[in-house]
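Novice: Here you go, one structure.
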Amino acid sequence: MKITSKLGILALFTSLLLLMAVYETQAAPGINANYYCLMDTASRQVLAGKNMDVMRPMASTTKVMTAVLAAEYCNKEEIAKVSNHAAKTAPYTVSLKSGQELTIEELMKIALLRSANDAAVVIAEHVAGDEEFFAHLMNLKAFCLGALNTHFQNSSGLPAEQHYSTAYDLALISQYSLQNPETAKWIATTEAYFQHPSNKQPVKITNTNPLLRTYPGANGVKTGTTAAAGPCLIGSAVRNNRQLIAVILNSGNRAGDCTKLLNYGFDSVKECKLIDKMELFKEIFLSDGENPLLPIYPARDITVWQEDEQPEFHKRLSMDYQISPPVVAGEKVGRLDLYMYAKYVGSVDLVAGSSVYRQRRPWLNAVKSLLKKE
C-alpha cells in the first residue's frame, strides 16, 4: 500500500472519530453520577450515557481485563508463584507471601470477588513475566475490543498517571468478559471459598458487588474505588433473555445509580426498526441499462433499542454510483453504516432489487430520459 493511501485512511479514521465526538448521547433520568454508560450486550448498542468518553481513573474495575487475559492465556489449574514484588503490593491485598503458590482459578476468584491487588499482580507476572509487559498486553486487547480511550499501566487498578479508561470502554471490556465462561462465572458469584496458602481451611469470601445481592437478575461485574477514581461500579443483569451493562464512575451512590440505569434500560427502552429491508433505499440511473433505473434495498432489517419513536441516527454510505450492467438481483452494490449518539450501531449491505441487463441500443435510454423531462 502506498504511503499516501495509508495517510488517507488515517485521516478518514481520525475525522470519523472527531465527527462522532460532537454528538451527545441521551441521558437517563435520575442518575447522579456525571460519568456513565448503559449498553445492550447483544448489539453493543449504547442506550444512555453521559460523559461516557471522558478518560478517568477506573480503580479496580481494571481487574476485569486482568481476568480476561488470565482466562485466555492460562489454564485455570496452572500454578502461579508469588514474587517479592507481588507480595509487596499496596492494599487492598490478601497478604500473599513471597514463594507461595496458587492456581490461576484461585487468583482469579480472589481478584474478582474481593479485589485483591496482590492476586492481580501474581496473575500478571505469571502470564507475561512482569507487570509492565502484562499492561502492554492489556492495552493491545483493549484496542482490539474497540476500547480506544483506555490505557493500562498495571494489573490491579492502583493509581498511576497513565492508567485510565472511560465508561463506554469499560462497558465494551465487560461485554467481552461476559462471553468467557471462566470470567463470567466469577464476576457473577456472590460467595465462594478461597484457599489461602497460609491457611489449612478455605476462607469464605463475599463479592464486593452489592447488586448481586440486591438486584434481580444481576450477574456481574466489578467494583472499584480510589481517591482519584471515586466509587465506581460496573453492573450487569439479565431480564427476559436480554442483558444490559451499566457503568457508573465516581458516584456518591454507585449501587443506586446502577440500579436506576438498569431499570431505565429494561423498563423504558423499547425495540424499534431503524432500517426496513422492504423499503426502497434509493434508485440509481444506469445509462446503458435495459431498464435505466436500478432499485436499491437494504439486505436486512436493523432494529435498535430506543426510548423515542424516531431516534437520532446518522448514516455513512459507501456506494459506487457508476454501476455498469449486467447487475443481478440481490447483488451487493454498497454498504450503509449506522451510528446513534456517536456510537456504531451496525452495518447493512445494500443490494440490487432487480436484475438489469445491458441495453442493446444505448441511445434508446437517452431518448426516454429526454421524453420524461418534456
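The values are calculated or read from the model by the stated rules, or taken from the named source; none is laboratory data. What you are looking at is a predicted structure, and each value in this text was computed from that prediction instead of being measured. Every residue, glycine among them, receives a Cβ derived from its backbone with ideal geometry; neighbour counts consider all protein chains shown.
Novice: Would you mind telling me which numbered condition in (1) at pLDDT 95 or above; (2) under 21 Å from MET52 (Cβ atoms); (3) out of contact with any Phe, Trp or Tyr (no Cβ under 6 Å at 6 or more places or on another chain) SER268 fails?
Specialist: (1)
Novice: Residue check: is LEU262 assigned to a strand (DSSP E or B), assigned by TED's automatic domain parsing to the domain that holds LEU47 and either touching a helix residue (DSSP H, G or I) at 6+ places or on another chain (Cβ under 9 Å) or small (Gly, Ala, Ser) (or both)?
Specialist: Judged against the criteria, LEU262 is not a match.
Novice: To continue, here is another question. Please list, ordered by first then second residue, the pairs with beta carbon atoms under 6 Å, 6 or more apart or interchain, first in region 113-128 and on the phi > 0 side of the Ramachandran plot, second modelled with pLDDT of 95 or more and not β-branched (Val, Ile, Thr).
Specialist: SER115/SER60
Novice: Collect the residues in region 186-232 that are in contact (Cβ under 8 Å) with a residue 60 or more places away in the chain and basic (Lys, Arg), keeping them in residue-number order.
Specialist: Listed by number, the list holds a single entry, LYS222.
Novice: From the set of residues in region 285-336 that are of a type in the set (A, V, I, L, M, F, W, C) and within 24 Å of the chain's Cα centre (by Cα), which is modelled with the lowest pLDDT?
Specialist: The extreme case among them is PHE313.
Novice: Now, a different point. For the subset of region 213-259 comprising residues that are in a strand (DSSP E or B) and of a type in the set (D, E, K, R), which member is nearest to ASP169 (Cα to Cα)?
Specialist: LYS222
Novice: Next question, about the same structure. Please find, among LYS277, LYS273, the residue that is part of a loop (DSSP other than H, G, I, E, B) and not acidic (Asp, Glu).
Specialist: Only one candidate passes the filter, namely LYS277.
Novice: How about region 56-90: which of its residues are part of a loop (DSSP other than H, G, I, E, B) and either of a type in the set (D, E, K, R) or exposed (fewer than 15 other Cβ atoms within 10 Å of the Cβ) (or both)?
Specialist: Correct list: ASN75, LYS76, GLU77, GLU78, LYS88, ALA90.
Novice: Of all residues in region 111-130, which are part of a helix (DSSP H, G or I) and not hydrophobic (A, V, I, L, M, F, W, C)?
Specialist: Listed by number, the residues that qualify are ASN117, ASP118, GLU125, HIS126.
Novice: Identify all residues within region 318-353 that are part of a strand (DSSP E or B), exposed (fewer than 14 other Cβ atoms within 10 Å of the Cβ) and in contact (Cβ under 8 Å) with a residue 24 or more places away in the chain; write none if there are none.
Specialist: Within region 318-353, LYS332 is the sole residue that qualifies.
Novice: Please specify each residue of region 337-374 satisfying the condition of being at pLDDT below 75, touching an Asp or Glu at 6+ places or on another chain (Cβ under 8 Å) and not polar (S, T, N, Q).
Specialist: Matches in region 337-374: TYR341, ARG360, PRO362.
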